[in-house]
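Colleague: I have a structure I would like to understand better, so I am pasting it below and will then ask my questions one at a time.
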Amino acid sequence: MENITTSYLTRAETWLSISVLLYFLMNGAQIFETLVLVPKWVDSPPHNFKLLADGKGATLKTFWITLHSIHEITFILAIIFCWKIEPVRNWLLILFSLHFAVRVWTLAYFAPNIIDFQKVAENPSLARDLVKRTSLWQALNYVRVAIYLLISLGLIPLCIKLFSLRN
């Protein structure tokens, strides 16, 4: 580890803490959505898809885009400001890689399916294999949320390591 100043350490602690707090906020929202909202629209497709329809239901698109964008910026800033602290940096890079992989999965699978479900809400004649598709979406969403939780829990030892450097 290079010579770390108090100022550098403070910035590293600040950005890692902000990133962790935002990750846990995101986890709370994901858990709420997974346990409360998803079962409602999965329960009776396409009838309950109106909950997904933009302007007619619990649209969370703006919330998720904003929260993920802010979180990913803070995650990158945490990596930048922890760069000189090799063990923390290396684990942050691993956790960010895992996080990024899940985000790609989200954008490749979850988001397009939600968009399709929203289209079905507006035009039920587009419905194809809805029970099977929604059940799979819900099951995979449990996996996705669990991975996000594990990644955020993986950040806690890094915070402990980083804050212990002051001693």
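The values are calculated or read from the model by the stated rules, or taken from the named source; none is laboratory data. Remember, it's a predicted structure, so these values are computed and weren't measured experimentally. Cβ placement follows ideal geometry from the backbone for every residue including glycine, while neighbour counts extend to all protein chains displayed.
Colleague: In the stretch 125-141, what count of residues is obtained for those that are modelled with pLDDT of 90 or more and either among the polar types (S, T, N, Q) or more than 16 Å from Leu52 (Cα to Cα) (or both)?
Modeller: 8
Colleague: Something else now. Residues that are among the polar types (S, T, N, Q), at least 2 per element: which helices (runs of 4 or more DSSP H) completely within the stretch 1-107 meet that?
Modeller: 6-32, 61-81, 86-105
Colleague: When only residues in the stretch 11-46 that are small (Gly, Ala, Ser) and farther than 17 Å from Phe63 by Cβ count, which is surrounded by the fewest Cβ atoms within 10 Å (Cβ to Cβ)?
Modeller: Ser44
Colleague: Tell me which residues, restricted to the stretch 98-137, are touching a Gly at 6+ places or on another chain (Cβ under 9 Å) and of a type in the set (Asp, Glu).
Modeller: Scanning the stretch 98-137 gives no hits.
Colleague: Which condition number does Trp83 fail, the rest of (1) out of contact with any helix residue (DSSP H, G or I) (no Cβ under 6 Å at 6 or more places or on another chain); (2) modelled with pLDDT of 90 or more being met?
Modeller: If we test Trp83 against (1) out of contact with any helix residue (DSSP H, G or I) (no Cβ under 6 Å at 6 or more places or on another chain); (2) modelled with pLDDT of 90 or more, just (1) comes out false.
Colleague: Of all residues in the stretch 112-124, how many are at pLDDT 85 or above, under 16 Å from Lys40 (Cβ atoms) and either over 27 Å from the mean Cα position of the chain (by Cα) or among the β-branched types (Val, Ile, Thr) (or both)?
Modeller: Within the stretch 112-124, residues that are at pLDDT 85 or above, under 16 Å from Lys40 (Cβ atoms) and either over 27 Å from the mean Cα position of the chain (by Cα) or among the β-branched types (Val, Ile, Thr) (or both) number 1.
Colleague: In the stretch 118-152, what count of residues is obtained for those that are more than 27 Å from Glu72 (Cα to Cα), part of a helix (DSSP H, G or I) and touching a residue at least 12 places away in the same chain (Cβ under 8 Å)?
Modeller: 9
Colleague: Residues of the stretch 124-151 being in contact with a helix residue (DSSP H, G or I) (Cβ under 9 Å, 6 or more places away or on another chain), closer than 20 Å to Leu67 by Cα and of a type in the set (A, V, I, L, M), which ones?
Modeller: Val145, Ile147, Leu149, Leu150, Ile151
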